[in-house]
1. What nm distance separates the two modelled labels at Gln433 and Glu301, each placed 7 Å from Cα along Cα→Cβ?
2. Of Lys129/Lys476; Lys571/Lys613; Lys102/Lys157, which pairs sit farther than 21 Å apart, going by alpha carbon to alpha carbon?
3. List, in the order given, every pair from Lys302/Lys551; Lys498/Lys518; Lys148/Lys302 whose Cα-Cα distance in the structure shown is over 28 Å.
4. Using only helices, what value at 222 nm comes out for the chain when you add -39,500 (n - 2.57) per DSSP H run of length 4 or more and divide by the total residues, to the nearest 500 deg cm²/dmol?
5. Using only the alpha carbons, work out the radius of gyration and Dmax of the chain in angstrom.
6. Mind ordering 122-129, 163-170, 557-564, 282-289 by average Cβ neighbours within 10 Å, highest first?
7. May I ask you to derive the FRET efficiency for Phe489 and Thr67 from their Cβ-Cβ distance with R0 = 56 Å, giving the value to the nearest 0.05?
8. What length, rounded to one decimal in nm, is gained on full extension from His101 through to Arg266, with 0.36 nm per residue of separation minus their alpha-carbon distance?
Amino acid sequence: MLILAKIIPTKFFFTFRLVQFLPNLKFSSLALTNQLKFLTKGAFTPLLQSCSSNPSQLKQIHALLLTSGLSIKNSLLTHLLASFIALGDMSYARQLFDEMHKPRAFLWSTLIRGYVQNGQPNEAASIYKRMHLLGVRPDSYTFPFVIKACAELPEFKAAASTTHAQVVKYGMEFIAVIRTELMIMYVILGEVGLADFLFKTMVERDLVAWNAFIAACAQNGYGTKALALFREMGSTGTRPDAVTLVSALSVCGQLGYSDTGEEIYRIAREEGIDCNIIVENARLDMHMKCGNIDFATKLFEKIPRRNVISWSTMILGYAINGESAKALSLFSRMQREGLRPNYVTYLGVLTACSHAGLVSQGWRYFNRMSRSDDESIKPRKEHYACMVDLLGRSGRLEDAYNFIRSMPIEPDSGVWGALLSACVIHQNVELGQHAADRLYELAPDIASYQVLMSNMYASAGRWDFVTKVRQRMRNKGVRKIAAYSSVEFNGDLHVFYKGDSSHPQSKIIYEKLDCLIKQMKSMGYSSKTNSVLHDVELEEKELILRTHSEKLAIAFALINVGPERPIRVIKNLRICNDCHTFSKFVSQISLREIIMRDKIRFHHFRNGVCSCKDFW
Ligand code: ZN
Ligand code: ZN
C-alpha cells in the first residue's frame, strides 16, 4: 500500500482502498459514487493491472462501474474486457461486451481474438457475422483473427473463400499481417500454390512474413517447400533469425535430412546468427528424428545451459528410437541434477515404457503424475493415450478398457485410437468394434482410424465389415493416405510408392529385390501374407507384399548408398509385419545397418535383429 501511495494519485489510492474492502461497502453510497465520477482512465489502468489476475476483484470493479453509472464509458470496460479474456473467462467477457454501447470495431476485434485464443472458433465466427450484419466496418485487427478462426471450423474451405472475398471487398488484402494470415490459411488448406501467389505479390516481404510462410509449410507437411523457401530467402539477402532456423531444422528432422540440417546450422554459426538454446534444442530434436542417437547424445552433453526442453527432447528421442533404458536413466539423472520435469518430459518417459512394454514402471510414473501436487504435470489426454497403448500392446486389453472407463477426463480419439491399434495387434474384434464405434463419433474423417478398422476386420476374415468400412469412407469422402517410403541420396529425396515403377533405376531395383528374396527364402523367410488385407489368392498376396514401398526403398539404398553409411528409410505410415521381417533379413545378408523411421517410432535393424525387439 505504501509503495502504491507513492506512485498513484491520491484520488486513485482512495478508490483502490475502497475496492479492497468492497464487500463491506454499500455500492449506492453517494460519497463513493461521487469519488468514482472523478476516476480517470489514467488512474483506472493501474488499478486494473493490480487486480488483473484476480477474477473476483475484477468483478468487484465491474460492480463498482455499474452502480456508479461509469459503465457507459467503453474505454473503462475495454480494459476489463481484456483482463477477462486474458484470464480465459470468455462468458464474463461476453457479458461485458453485451453491456457496451455501440462498441467500435476495435472492441469487436478484441472479442473475436479472445474467442480464437481461448479455442472457441465457432463463437469467433458468429461474432464476426453479427458485426457484419450490424454494418460495423472491420479494422486491420479484425481479419487476422477471423482468418485464424476459419482454419478451425468444420466448414473451413467455404469460410476461407468467404473471408478472403471480404478482405478484398474492404481493400485490406495488401495489409501485411492480413496477407500473412491468408497465406498460412491456404497452406493449411493444402493450397500451397495460392499461398505462394499471395506471398509473391506481397509488397514488403520482411523477415516476419518469411518466417510465417516457412513455419506454416513446415508444420503442415510441406517440408520440401519450406526448405526451398528457406534457400530462396537466403538468396534475397534476408538474414534468418532463430525462429527461421528452428523451422528449417524441424523440417530437416521431418524429412530425415540431418546433413542438410547440420549445414544450415554451421552456416548460421559462421554468419554470427544467434543460435540460442531454442535453436540448440531444435538441432537435438532433428538428430533424434533422424535416428542419430549417438551424435545427439554428444551434442546434449556439450550444451552449456540445458533446459527442461533439452532433457525432454532427449528422453522422447531415446524412447522413439527404442532406447528405453537410456530414456529412463536420463530421466533419473535429470531429477538428480535438480531439474523439474514437465508434462512433455513425462510423455517421453511413458512413451519409453510403452515402446518397451514396461507395464509396472509405466504405472509407477503415471501414478506419480496423478498424485503430484504440481498441477502442471497432472496427466493429460496424451498421457492417458500412452498408458492405453502400453497396456493394450502388452496384451492387457481389458485393463486398458477399464483404465479408459476410469478416466476423470473425457477420452478423445487418441485414447480410443490406441485401444483400437492394440485390438488389431491382438485380434480382439469385439473390443475393437467398441473402440471403432467411439472413433466414428469422435473422428469420422481421420483416414488412419478407418484403415485400422478395416485391417482389424480383414485379419479376422470379416470381409463384410471391411466392405462396410470402405463404403463409409467413400461416402464421407475420406481418402486413404497412400503409403510411401523415402531415401535421401546425394541431396535428393527418392520417394517410392507400392508397386512403383516410375524410378529411373526401377529395373535394377526389382532385380535386386528378387535376388534378396531368393536369398532370404533359402534362410527360412516366408512372406507374412496376413499383412495383406484383400481377400485374394496367396500368390497374389505375395506379389503385393513384394512391392511394398519399404522394400523398394531398401533395394534402392543398397544399390546406391556406400557401405560406410547406414541405410536410412522414412515411411509415412507404420511398417508392416512382412517388411519388418524382410528388413531384419536384409540387415543380416548385406551386413548393413538399416534405420527405418515409421509414423510412430524408429526401427534400427542390425545383424538380423531390430532395436524394437519386435515389440511395436
Ligand atoms: Zn510392408
Ligand atoms: Zn522393429
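1. That separation, rounded to one decimal, is 5.6 nm.
2. Details: Lys129/Lys476 28 Å; Lys571/Lys613 19 Å; Lys102/Lys157 32 Å.
Where the Cα-Cα span goes over 21 Å, the pairs concerned are Lys129/Lys476; Lys102/Lys157.
3. Details: Lys302/Lys551 38 Å; Lys498/Lys518 20 Å; Lys148/Lys302 40 Å.
Lys302/Lys551; Lys148/Lys302, as the Cα separations exceed 28 Å there.
4. Numbers: 33 runs with 401 residues, N = 616.
Calculated from helices alone, the mean residue ellipticity at 222 nm is -20500 deg cm²/dmol.
5. When restricted to Cα atoms, the chain yields Rg and Dmax of 29.0, 100 Å.
6. On the way: 122-129: 19.0, 163-170: 15.8, 557-564: 13.5, 282-289: 25.8.
Final packing ranking: 282-289, 122-129, 163-170, 557-564.
7. Working: r = 75 Å, r/R0 = 1.33.
That pair, Phe489 with Thr67, gives E of 0.15.
8. Numbers: separation 165, 0.36 × 165 = 59.40 nm, distance 5.76 nm.
Length difference between fully extended and current span is 53.6 nm.
The values are calculated or read from the model by the stated rules, or taken from the named source; none is laboratory data. It should be emphasised that the depicted structure is a prediction, and the values quoted were computed from it without experimental measurement. Methodologically, a virtual Cβ is constructed for each residue, glycine included, from the backbone with ideal geometry; neighbour enumeration extends over all protein chains shown. Remember, those area values only see protein heavy atoms, side chains included, never the ligands or the DNA or RNA. Shrake-Rupley method; radii C 1.70, N 1.55, O 1.52, S 1.80 Å.
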